[in-house]
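Trainee: Dropping the structure in here first, questions after.
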């Protein structure tokens, strides 16, 4: 039976090794050059002073000190960080909360549920640039669809993106419209795995919708909730495209929509208004964002996983 | 028993009605903005401002003609098609090769190599953009198709290797063994026997990578500066800057930019959904 195999392994071991190596080489080379090396450098470069593209000297934690404690940088950093945290909690409540309700509605598999799945996922496949611009036009104070609709019921023109109090919320709305289908279908898949038998058994025992949802489905879909929570966190801290398109590079108005992604990009690649460009401080910001995302993900994974195991 | 059924059924109907209503409202919120976008692309500016909810008076293609003749839109579209196809092809090629080696052969470093690829899945490459930019600059690849494609390939390989390794491991050994006894070369076994069986996994990997690459804005924004090399999402920002007050043209640009992927999605919605949620749904 194994003659063929022995033939290749024993008679020509070098040929076999060469064959395996040649299969692995292209992927490994790309990974080392464009993932491993840049990632390791990212940590190193945060400790250097820069002149344009060239690191000019090791300066210890100076870049970190500046972005965290020296005005005006520190003000921008904390302002952006605060918004990222708000974005995360807002998305957890409004996006994932809605997604949970929709998933539960879709779980019933009433007539038309498949077409509803396709519809809720449609914006997910569009570019954030398209979604951002579309909603920017719709939110225009005078001619936008939103205010034109509100005018029908007698509500006056609101400058959604121009008001400091409404700008971040408006951008979040566009983001939720864009992504809602993703957590919806992930949670739905989690609910479907609970299995009809379990749900029917609970129903036979007299469990109503509320009990079914809180006592059976919610605990059993813990793995899906974990994934959705972590992806929302990563998404919130990498948030860039929709704010860039809708509020511009400086998070207008007056930094009310500034987030770490925008601030990082401005610092590293220069803003058209200030002309500051600093790879050292940019690297320090990137390292901090990496530590926040990786650290919180690791802690959350441990904490949320415990909830799964307890079952 | 009969009383229970009698009291339950109207309640059940009411509940199902409420659920259908909720789904219907959600569907309107999802679809109506896109509907307005498409309808507005046929309208003149005056029509959009004065009667935003009405259907267009004429289904005029005047806006589309302006997008065609006055902007670089077609060029952006072609760039996006080329870059996405090149990147996805290389991801499929390199990842399948590596996954095939890991899944079908036993060698000493196999577990370590797989670990290396898997750890790449957790790296947010956006945050390494500064060293990546310096790296590409030193290779002369900033502001070129090749640089952008290589970044996408690097981003796509880890999860593609993960999916392909998992899939290739499930294929039965017997096929391979009998071909080997017939004297087929290792390459032929891979190319003619194993890979045709891996087609469903290849489709998932292709979609999972094609959609974010097609839609990406961040990497072109940093790496591409020549107008002739810009991708569709990036070109859209240029184009919108030029036509800020001409809403008919703007809506047309957005509609045309959304059109290719929307049509594909309508045809392949099942594959799109499983490809994009792959990883979050086990």
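The values are calculated or read from the model by the stated rules, or taken from the named source; none is laboratory data. The shown structure was predicted, so the numbers you read here are calculated from the model rather than taken from an experiment. Cβ atoms come from the backbone with ideal geometry, glycine included; neighbour counts cover every protein chain shown.
Trainee: For the range A:148-175, name all the residues that are facing chain B (nearest Cβ under 10 Å) and surrounded by 16 or more Cβ atoms within 10 Å (Cβ to Cβ).
Mentor: A:148, A:174
Trainee: Continuing with the same structure: Yes or no: residue B:169 over 21 Å from the mean Cα position of the chain (by Cα), more than 30 Å from residue A:126 (Cα to Cα) and more than 9 Å from chain A (Cβ to nearest Cβ)?
Mentor: yes
Trainee: Could you check the range A:119-139 and list, in sequence order, the residues that are more than 17 Å from residue B:237 (Cβ to Cβ) and within 10 Å of chain B (Cβ to nearest Cβ)?
Mentor: A:119, A:120, A:121, A:122, A:123, A:124, A:125, A:138
Trainee: Quick check on the range B:265-282: of everything there that is closer than 30 Å to residue B:118 by Cα and more than 7 Å from chain A (Cβ to nearest Cβ), which residue is farthest from the chain's Cα centre (by Cα)? Don't jump to the end; show me each part of the working.
Mentor: Taking the range B:265-282 as the starting set, the residues that turn out to be closer than 30 Å to residue B:118 by Cα are B:265, B:268-282.
Imposing the further condition that a residue be more than 7 Å from chain A (Cβ to nearest Cβ) reduces the set to B:268, B:270-271, B:274-275, B:278-279, B:282.
Details: B:268: 12, B:270: 14, B:271: 11, B:274: 12, B:275: 9, B:278: 12, B:279: 15, B:282: 20 Å.
My answer is B:282.
Trainee: Also, I was wondering about something else. Scan the range A:225-238 and tell me whether some residue there is in contact with a helix residue (DSSP H, G or I) (Cβ under 9 Å, 6 or more places away or on another chain) and closer than 30 Å to residue B:13 by Cα.
Mentor: Yes: the range A:225-238 contains one or more residues that are in contact with a helix residue (DSSP H, G or I) (Cβ under 9 Å, 6 or more places away or on another chain) and closer than 30 Å to residue B:13 by Cα.
Trainee: Which is surrounded by 18 or more Cβ atoms within 10 Å (Cβ to Cβ) and either facing chain A (nearest Cβ under 7 Å) or modelled with pLDDT of 90 or more (or both), of B:179, B:160? Spell out the reasoning first.
Mentor: Working: B:179 fails: either facing chain A (nearest Cβ under 7 Å) or modelled with pLDDT of 90 or more (or both).
One residue alone meets the criteria, B:160.
One line per residue, one yes/no per condition, for (1) under 17 Å from residue B:88 (Cα atoms); (2) more than 7 Å from chain A (Cβ to nearest Cβ); (3) out of contact with any strand residue (DSSP E or B) (no Cβ under 9 Å at 6 or more places or on another chain); (4) in contact (Cβ under 8 Å) with a residue 24 or more places away in the chain:
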| position | (1), (2), (3), (4) |
| --- | --- |
| B:115 | no, yes, yes, no |
| B:118 | no, yes, yes, yes |
| B:122 | no, yes, yes, no |
| B:127 | no, no, yes, no |
| B:138 | no, yes, yes, no |
| B:142 | no, yes, yes, yes |
| B:145 | yes, yes, yes, yes |
| B:150 | yes, no, yes, no |
| B:153 | yes, no, yes, yes |
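Trainee: Output yes when any residue across the range A:38-51 is in a strand (DSSP E or B), within 14 Å of chain B (Cβ to nearest Cβ), without any contact (Cβ under 8 Å) to a residue 60 or more places away in the chain and at negative phi, and no when none is.
Mentor: yes
Trainee: Counting only residues that are at the interface with another protein chain (Cβ under 10 Å from one of its Cβ atoms) and loosely packed, with under 13 Cβ neighbours inside 10 Å, how many does the range B:33-72 have?
Mentor: Number of matching residues: 2.
Trainee: For the subset of the range A:264-280 comprising residues that are surrounded by fewer than 24 Cβ atoms within 10 Å (Cβ to Cβ) and at pLDDT 80 or above, which member is farthest from residue A:39 (Cα to Cα)?
Mentor: Among those residues, the one meeting the criterion is A:277.
Trainee: Here's another thing I want to ask about it. Within the range A:179-205, count every residue that is within 21 Å of residue B:32 (Cβ to Cβ) and more than 10 Å from chain B (Cβ to nearest Cβ).
Mentor: Within the range A:179-205, residues that are within 21 Å of residue B:32 (Cβ to Cβ) and more than 10 Å from chain B (Cβ to nearest Cβ) number 1.
Trainee: In addition: Name the pairs whose Cβ atoms lie under 6 Å apart, with the first residue in the range B:225-237 and facing chain A (nearest Cβ under 8 Å), the second surrounded by 24 or more Cβ atoms within 10 Å (Cβ to Cβ) and assigned to a loop (DSSP other than H, G, I, E, B), and 6 or more positions between them or separate chains?
Mentor: Note: pairs meeting the criteria are B:233/A:127.
Yes or no, residue by residue, for (1) under 24 Å from residue B:65 (Cα atoms); (2) surrounded by 23 or more Cβ atoms within 10 Å (Cβ to Cβ); (3) in the same structural domain as residue B:122 (by TED's automatic domain parsing):
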{"site": "B:231", "(1), (2), (3)": "yes, yes, no"}
{"site": "B:256", "(1), (2), (3)": "yes, no, no"}
{"site": "B:259", "(1), (2), (3)": "yes, no, no"}
{"site": "B:265", "(1), (2), (3)": "no, no, no"}
{"site": "B:275", "(1), (2), (3)": "no, no, no"}
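Trainee: Any idea which of A:96, A:63 is in a helix (DSSP H, G or I), under 17 Å from residue A:260 (Cα atoms) and within 13 Å of chain B (Cβ to nearest Cβ)?
Mentor: A:63
Trainee: Just to check your reading of the model, which residue among A:217, A:230 is away from chain B (no Cβ under 13 Å) and surrounded by 16 or more Cβ atoms within 10 Å (Cβ to Cβ)?
Mentor: A:217
Trainee: Right, another one. Read through the list (1) surrounded by fewer than 22 Cβ atoms within 10 Å (Cβ to Cβ); (2) within 27 Å of residue A:278 (Cβ to Cβ); (3) modelled with pLDDT of 90 or more, then give the number of the only condition that residue A:55 fails.
Mentor: Going through the list (1) surrounded by fewer than 22 Cβ atoms within 10 Å (Cβ to Cβ); (2) within 27 Å of residue A:278 (Cβ to Cβ); (3) modelled with pLDDT of 90 or more, residue A:55 breaks only (3).
Trainee: While we're on this one: Just give me the residues in the range B:30-62 being at pLDDT 90 or above and assigned to a helix (DSSP H, G or I), in sequence order.
Mentor: Once the filter is applied, which keeps residues that are at pLDDT 90 or above and assigned to a helix (DSSP H, G or I), the range B:30-62 yields B:30, B:31, B:32, B:33, B:34, B:35, B:36, B:37, B:38, B:39, B:40.
Trainee: Restricting attention to the range A:105-116, report how many residues are touching a residue at least 40 places away in the same chain (Cβ under 8 Å) and either crowded, with 21+ Cβ neighbours inside 10 Å or facing another protein chain (nearest Cβ under 7 Å) (or both).
Mentor: 1
Trainee: Which residues, taken from the range B:238-263, are more than 8 Å from chain A (Cβ to nearest Cβ) and within 14 Å of the chain's Cα centre (by Cα)?
Mentor: Result: B:259, B:260, B:263.
Trainee: A further question follows. Given the structure, is residue B:121 under 23 Å from residue A:231 (Cβ atoms) and at pLDDT below 90?
Mentor: yes
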